[in-house]
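S.K.: Here it is, the structure, as structure tokens.
The values are calculated or read from the model by the stated rules, or taken from the named source; none is laboratory data. None of these values were measured; they are calculated from a predicted model. Neighbour counts run over all protein chains shown; Cβ positions are idealised from the backbone, glycine included.
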Amino acid sequence: MANGGGGGNDHNAGGGGGGNCAGGGIGGNNGEANLFNCKGVHPGVGSWSQGCLGNSFLGGGGGAGHGNNNLGTNGGNGGGIIILIANSISGNGYAIRSNGNGAPNTSGGDGAGGGGGGGTIELVTDNIVSNLSVEAKGGDGGIVYLYATVPRCLGPGGGGAGGVVKFSGTTPALATIDLAPGIPGRNIIGNVNGTSTCENSTSGATAGTSGTILENQTLPSSAIDYPNCDILLPIELSSFEARAIARKVELSWTTVSEVNNDYFTIERSRNGIDFIEVAQLNGAGNSMEPLKYAYTHNSPWVGRSYYRIKQTDFDGESTYSKINLVYVDSELDLYGIYPNPVKSNNSVQLEIFSKRDLESTVMLLDLMGREVAQQHYSLSEGFNRIAINSTGLAAGTYILRFQAGQSTITRKLVVF
């Protein structure tokens, strides 16, 4: 948290840049005089300068730009931590990179996010034998592209700070290090309703701080030697894939060999941490031949979900596969619900785009979760307009839940 950039405050200010040992740049101001009593002069601050205390930090993410028109952008991600221990390293024309990401640009009307801070790269070696490029650069702040109805400069994002490169000895002569900070964003397309000063203006956004090289660093390691670490795993997976196809998830995996393998459990998760069981498949017990397995999950969650394979042997011991991310498209898009609020005894119009013919159910729930009304509709592929009758509903706030196929859309509905 300490090396993340701050988000833009007040009205349409830019986000600050993320950092590492060094701090990120501040975001840009909004040029509005005093709209809604929000002057836009409190942009996101750059990340706090950690100082290099011997620890290794992830690069901090940039802060988001302030948005009230759904146009503000997120900050860029920070770089990760890379540790490479080797007797010697040959660059071979490649580079080791842990750069912060630049923030997305915005089309105008809101503030842009700050760039991510560079990460940390630790090289524990006594010998670099050919030219090696090492990068931990900060990401650039987001740019604001103005449009004709915005007669002012807005808040671009601040630049992310450069990261850290650590060497176990002195800096090798054959190592080229780039720890440049990210530059601030700016306003593009000037002369907007006479505001020509916006062209290329950063509105006060600043670059991040350059990164740091640390020499003669010691990487903590265990002093205990384990000479007999050979472990015979129950299975050896050569592949595991999970793919969304036609709103189903197709899972497949291959084992090179199996020893004492009882069964596989397919598990899924919303957040990649808390998993629940989907199905079980029997294992082969013992096999020295490659074996292929497959399973189709017909009822996946819409949006992001995570899948993994849990293997259990006859002794009850378990191991896990890697985790695969799957994204399943929604079958529906809700384009409008109006009027909202709606007067009692009037009807509410829903505009819905369906990707195929579907049977749907619309439910109204009170704030205690109790169902107060339900209606059924047949949707055709394409745009659909349906009316929901609010006759008999008492004034208050309701939850409208629209279900069709594997998709559910929930909105708030106010009746007066």
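S.K.: Quickly run through the stretch 327-378 and pick out the residues that are among the aromatic types (Phe, Trp, Tyr) and within 30 Å of residue 306 (Cβ to Cβ).
M.R.: 327, 335, 353
S.K.: Identify the residue in the stretch 289-326 that is among the hydroxyl-bearing types (Ser, Thr, Tyr) and under 22 Å from residue 258 (Cα atoms) and, among all such residues, is surrounded by the most Cβ atoms within 10 Å (Cβ to Cβ). Lay out the reasoning, then the answer.
M.R.: Taking the stretch 289-326 first, the residues among the hydroxyl-bearing types (Ser, Thr, Tyr) are 293, 295-296, 299, 305-307, 312, 318-321.
Right, trim to under 22 Å from residue 258 (Cα atoms) and you get 293, 295, 307, 312, 318-321.
Numbers: 293: 18, 295: 18, 307: 26, 312: 17, 318: 12, 319: 14, 320: 13, 321: 19.
Checking each candidate, the answer is 307.
S.K.: Can you find, within the stretch 388-413, the residue that is surrounded by the most Cβ atoms within 10 Å (Cβ to Cβ) among those that are modelled with pLDDT of 85 or more and over 34 Å from the mean Cα position of the chain (by Cα)?
M.R.: Checked the stretch 388-413; the qualifying residue surrounded by the most Cβ atoms within 10 Å (Cβ to Cβ) is 396.
S.K.: With respect to residue 404, is the statement that it is closer than 21 Å to residue 303 by Cα and either outside the structural domain of residue 303 (by TED's automatic domain parsing) or β-branched (Val, Ile, Thr) (or both) true?
M.R.: On the way: closer than 21 Å to residue 303 by Cα: yes; either outside the structural domain of residue 303 (by TED's automatic domain parsing) or β-branched (Val, Ile, Thr) (or both): yes.
So residue 404 passes the test.
S.K.: Taking the stretch 353-377 as the search range and keeping residues that are surrounded by 12 or more Cβ atoms within 10 Å (Cβ to Cβ) and of a type in the set (Gly, Ala, Ser), which one is farthest from residue 334 (Cα to Cα)?
M.R.: Applying the filter and picking the extreme gives 373.
S.K.: For a quick check of your reading of the model, give me the residue pairs whose first member lies in the stretch 354-371 and is among the aliphatic types (A, V, I, L, M), whose second is outside any strand (DSSP E or B), with beta-carbon atoms closer than 6 Å and at least 6 apart or on different chains.
M.R.: The qualifying pairs are 358/405.
S.K.: Somewhere in the stretch 137-157, is a residue within 30 Å of residue 87 (Cβ to Cβ) and at pLDDT 85 or above? It would help to see each step written out before you state the result.
M.R.: Of the residues in the stretch 137-157, the ones within 30 Å of residue 87 (Cβ to Cβ) are 137.
Going one step further and asking which of them are at pLDDT 85 or above, we end up with 137.
Scanning the stretch 137-157 turns up at least one residue that is within 30 Å of residue 87 (Cβ to Cβ) and at pLDDT 85 or above.
S.K.: Among the residues of the stretch 30-41, write down those that are within 27 Å of the chain's Cα centre (by Cα) and modelled with pLDDT under 80.
M.R.: Within the stretch 30-41, just 40 meets the criteria.
S.K.: I need a count of the residues in the stretch 355-405 that are at positive phi and among the basic types (Lys, Arg). Write out each step before concluding.
M.R.: Taking the stretch 355-405 first, the residues at positive phi are 369, 382, 392, 396, 405.
Imposing the further condition that a residue be among the basic types (Lys, Arg) reduces the set to none.
Residues in the stretch 355-405 being at positive phi and among the basic types (Lys, Arg): 0 in total.
S.K.: Here's a follow-up. State all residues of the stretch 102-122 that are within 25 Å of residue 55 (Cβ to Cβ) and surrounded by fewer than 24 Cβ atoms within 10 Å (Cβ to Cβ); if no residue qualifies, say none.
M.R.: Correct list: 122 only.
S.K.: Check whether at least one residue in the stretch 47-60 is modelled with pLDDT of 90 or more and surrounded by 24 or more Cβ atoms within 10 Å (Cβ to Cβ), and report yes or no.
M.R.: Yes, the stretch 47-60 contains at least one residue that is modelled with pLDDT of 90 or more and surrounded by 24 or more Cβ atoms within 10 Å (Cβ to Cβ).
S.K.: Taking strands (runs of 3 or more DSSP E) that do not extend beyond the stretch 267-356, which have at least 2 residues that are at pLDDT 90 or above and more than 30 Å from residue 396 (Cα to Cα)?
M.R.: 275-287, 291-297, 303-313, 324-328
S.K.: To continue, here is another question. Between a residue in the stretch 85-97 that is over 14 Å from residue 134 (Cβ atoms) and any residue that is outside any strand (DSSP E or B) and of a type in the set (A, V, I, L, M, F, W, C), which pairs come within a Cβ distance under 9 Å, given they are 6 or more apart or on different chains?
M.R.: 85/219; 88/129
S.K.: From 321, 257, 287, 252, which residue is in contact (Cβ under 8 Å) with a residue 60 or more places away in the chain, outside the structural domain of residue 404 (by TED's automatic domain parsing) and not aromatic (Phe, Trp, Tyr)?
M.R.: 321
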